[in-house]
1. What's the number of the condition residue 66 fails, among (1) at pLDDT below 95; (2) under 18 Å from the mean Cα position of the chain (by Cα)?
2. For residues that are within 18 Å of residue 105 (Cβ to Cβ) and surrounded by fewer than 21 Cβ atoms within 10 Å (Cβ to Cβ), tally how many sit in the stretch 147-167.
3. Taking residue 152, is it part of a helix (DSSP H, G or I) and closer than 19 Å to residue 264 by Cβ?
4. Restricting attention to the stretch 22-40, and to residues there that are surrounded by 20 or more Cβ atoms within 10 Å (Cβ to Cβ) and not β-branched (Val, Ile, Thr), which single residue is farthest from the chain's Cα centre (by Cα)?
5. Report, ordered by the first and then the second residue, all pairs with beta carbons closer than 7 Å, sequence separation of six or more or different chains, a first member in the stretch 48-66 that is crowded, with 24+ Cβ neighbours inside 10 Å, and a second member that is in a helix (DSSP H, G or I) and acidic (Asp, Glu).
6. Among the residues of the stretch 132-144, are any surrounded by fewer than 21 Cβ atoms within 10 Å (Cβ to Cβ), on the phi < 0 side of the Ramachandran plot, in the same structural domain as residue 48 (by TED's automatic domain parsing) and at pLDDT below 95?
Amino acid sequence: MARATRVLSLLIVLLVSVHSGKARAQEVSLPAPRGYVNDFADVISPGDESMMANLAGELERVTTAQIAVVTLETTQPLVIEEFGVRLFEAWKIGQAGEDNGLLLLFALQDRKVRIETGYGLEGAVPDALADRIIRDTMVPFFRREEYSQGLLQATVQLADLVAREYGVELASLRSVPRAVPPPPSAARCGPGLLTLIFFMIMMILFGRRGGLFWLLLFGLGMGRRPGGYWYGSGMGGSKGGFSGGFGGFSGGGGFGGFGGGASGGGGATGGW
């Protein structure tokens with residue numbers, strides 16, 4: 001009986017040790033905020049950073065809502081969603097009692113981006129709209145490695161949405177050049193568009209001699225449904241844990257610290 005008790009105690013100790021080891025493995029070092037724009041990955045140009053900080057500063061002055069833009073090399077060993085929640089809660093983006101904060105989180109090596117919204121802004125920036133900003137604005141720029149432009153244009157859209165929710169206009173928006181997201185390259189068009197182009201060429205070549213055309217049409221399976229938007233399935237980059245190196249300039253725009261807000265857990269994630 002005594003031996004069985006010792007074995008059981010040993011198993012309990014081992015289980016606790018394993019659990020503690022996993023918990024320690026998931027501990028990450030969170031950077032301290034330096035402003036509205038925190039470019040730890042050094043991907044934002046000084047001019048774009050200044051415009052983003054000015055937008056965020058004016059937004060807080062006229063609405064009390066806060067936007068934080070953060071770029072990192074990687075969020076590993078955490079996925080970007082979990083890292084975003086932890087960072088949001090640690091920084092307390094938004095105002096206490098209002099929870100009107102918004103986090104735009106970018107991970108360069110992981111090729112991931114996340115929009116995290118506070119409870120108070122889930123109406124202004126619902127999940128579907130956050131997803132659309134990622135798909136239609138940021139990802140096209142990111143695929144061309146125009147990270148600064150993608151983050152700037154997303155910040156413009158997010159700040160404008162929040163300002164409209166409060167019924168105000170931001171004067172800073174007029175000084176930001178608007179850029180149209182680049183069209184997808186042929187390599188990114190997917191099988192649907194390439195198939196359509198192929199059969200348009202075949203129609204031109206064969207004209208009225210439709211027999212061969214329709215044979216090719218059904219033989220190659222024209223009816224396949226093209227794939228949709230790809231979010232990215234893997235977490236690239238280093239596997240060695242969260243990367244530090246929080247250097248570089250970060251824009252202020254009159255930044256006086258975040259105000260005690262909480263994350264609502266809403267938002268969207270995308271990859272490129």
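The values are calculated or read from the model by the stated rules, or taken from the named source; none is laboratory data. This is a predicted model, so every value here is computed, not measured. In this analysis, Cβ positions are derived from the backbone assuming ideal geometry, glycine residues included, and neighbour counts consider all displayed protein chains.
1. (1)
2. Pass one, the stretch 147-167, residues within 18 Å of residue 105 (Cβ to Cβ): 147-159, 161-162.
Those still in the list that are surrounded by fewer than 21 Cβ atoms within 10 Å (Cβ to Cβ) too: 148, 157, 161.
Result for the stretch 147-167: 3.
3. Numbers: part of a helix (DSSP H, G or I): yes; closer than 19 Å to residue 264 by Cβ: no.
No; evaluated as a whole, the condition is false for this residue.
4. Going through the stretch 22-40, the residues surrounded by 20 or more Cβ atoms within 10 Å (Cβ to Cβ) turn out to be 35-40.
Now drop any that are not not β-branched (Val, Ile, Thr), which leaves 35-36, 38-40.
On the way: 35: 19, 36: 16, 38: 14, 39: 14, 40: 15 Å.
Going through the qualifying residues, I end up with 35.
5. Partner pairs satisfying both residue conditions: 66/60.
6. Applying the first criterion (surrounded by fewer than 21 Cβ atoms within 10 Å (Cβ to Cβ)) to the stretch 132-144 yields 132, 135-136, 143-144.
Going one step further and asking which of them are on the phi < 0 side of the Ramachandran plot, we end up with 132, 135-136, 143-144.
Now narrow it down to the ones that are in the same structural domain as residue 48 (by TED's automatic domain parsing): 132, 135-136, 143-144.
After this cut, where a residue has to be at pLDDT below 95 as well, the list is none.
No, there is no match, as no residue in the stretch 132-144 is surrounded by fewer than 21 Cβ atoms within 10 Å (Cβ to Cβ), on the phi < 0 side of the Ramachandran plot, in the same structural domain as residue 48 (by TED's automatic domain parsing) and at pLDDT below 95.
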